[in-house]
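Below: one structure, written as structure tokens.
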Amino acid sequence: MNRSPVLTAVVVLAWSLVGLPPATAEAPSGSTVTFTSETEYVVSTTVGRHEVEGTGQLPAGFTSSGVRARPASNGLGSVAVEVLVDFGHPVYSMSARGYALFTHRTGKLRPVTLEGRPVVLSAFAEDSGQGGFRCEDGRLLVHRFDLSSRRGEQTTYRLVGTRLKKVSRVPLRRSVASRPGSCA
């Protein structure tokens with residue numbers, strides 16, 4: 001009995017429940033993170049029959065346990081392979097999670113940078129405020145909101161090569177939900 005269609009349906013259903021697009025022949029699949037030291041890692045993903053990889057550094061405050069990578073399908077509008085690395089919770093807070101983004105350039109996965117440094121994104125919800133990010137229409141939207149003042153801001157970036165370029169900054173009058181899965 002051929003179980004492949006059943007397995008495919010289960011995978012598509014599972015991915016749809018967490019907001020991820022199903023893998024296609026062109027979309028990346030099989031993303032992994034392998035640590036080469038306590039803080040340095042190699043992220044890799046497979047596109048079709050080709051594996052691409054790149055290197056990164058674990059941000060301060062995070063441990064290698066539970067770090068995982070998810071393939072992205074044009075979340076940042078680069079039309080290239082993208083990978084979202086989920087660092088999990090930092091050791092100092094269970095209400096926050098950290099993330100990195102990689103994009104395929106010149107044969108390698110390269111960290112997405114902001115002001116010359118690999119970007120570390122966070123999603124958090126605390127008594128005093130909330131913050132996070134999401135990908136929408138090929139742009140990265142990063143937001144913060146202070147619950148006591150009921151004010152916040154959202155900054156929109158677009159990807160140029162491997163660099164994030166600020167497009168706009170707008171005030172927020174209400175909290176916005178963080179959706180890291182929209183970038184993967």
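Residue check: is Arg134 open to solvent by less than 40 Å² (accessible area, probe 1.4 Å), among the charged types (D, E, K, R) and under 20 Å from Ala184 (Cβ atoms)? Judged against the criteria, Arg134 is a match. Apart from one condition, Met94 fits all of (1) under 28 Å from Val33 (Cα atoms); (2) open to solvent by less than 80 Å² (accessible area, probe 1.4 Å); (3) hydrophobic (A, V, I, L, M, F, W, C); (4) at pLDDT below 95; the exception is (2). Would region 148-167 turn up any residue that is surrounded by fewer than 18 Cβ atoms within 10 Å (Cβ to Cβ), on the phi > 0 side of the Ramachandran plot and under 18 Å from the mean Cα position of the chain (by Cα)? Yes: one or more hits.
If a residue must be closer than 20 Å to Ser175 by Cβ and either open to solvent by less than 20 Å² (accessible area, probe 1.4 Å) or of a type in the set (D, E, K, R) (or both), how many such residues does region 99-122 contain?
Start the filter on region 99-122 by keeping residues that are closer than 20 Å to Ser175 by Cβ, which leaves 99, 121-122.
Right, trim to either open to solvent by less than 20 Å² (accessible area, probe 1.4 Å) or of a type in the set (D, E, K, R) (or both) and you get 99, 121.
Qualifying residue count for the region: 2.
Filtered by the rule that a residue be touching a residue at least 60 places away in the same chain (Cβ under 8 Å), part of a strand (DSSP E or B) and either over 18 Å from His104 (Cβ atoms) or among the basic types (Lys, Arg) (or both), region 132-173 gives Arg139, Arg158.
For region 27-44, check the following and say yes or no: at least one residue is modelled with pLDDT under 70 and over 18 Å from Val83 (Cα atoms). No, region 27-44 contains no residue that is modelled with pLDDT under 70 and over 18 Å from Val83 (Cα atoms).
With respect to (1) on the phi > 0 side of the Ramachandran plot; (2) among the polar types (S, T, N, Q); (3) touching a Pro at 6+ places or on another chain (Cβ under 9 Å), the lone exception for Thr106 is condition (3).
Residues Thr45, Thr39: which one is in contact with a strand residue (DSSP E or B) (Cβ under 6 Å, 6 or more places away or on another chain) and open to solvent by 30 Å² or more (accessible area, probe 1.4 Å)?
Values: Thr45 fails: open to solvent by 30 Å² or more (accessible area, probe 1.4 Å).
It is Thr39.
The values are calculated or read from the model by the stated rules, or taken from the named source; none is laboratory data. Remember, predicted model here, so these are calculated numbers, not experimental data. Cβ coordinates were reconstructed from backbone atoms using ideal geometry, including for glycine residues, and neighbour counts include every protein chain displayed. Protein only, heavy atoms only, side chains kept; ligands, DNA and RNA dropped before computing areas. Shrake-Rupley method; radii C 1.70, N 1.55, O 1.52, S 1.80 Å.
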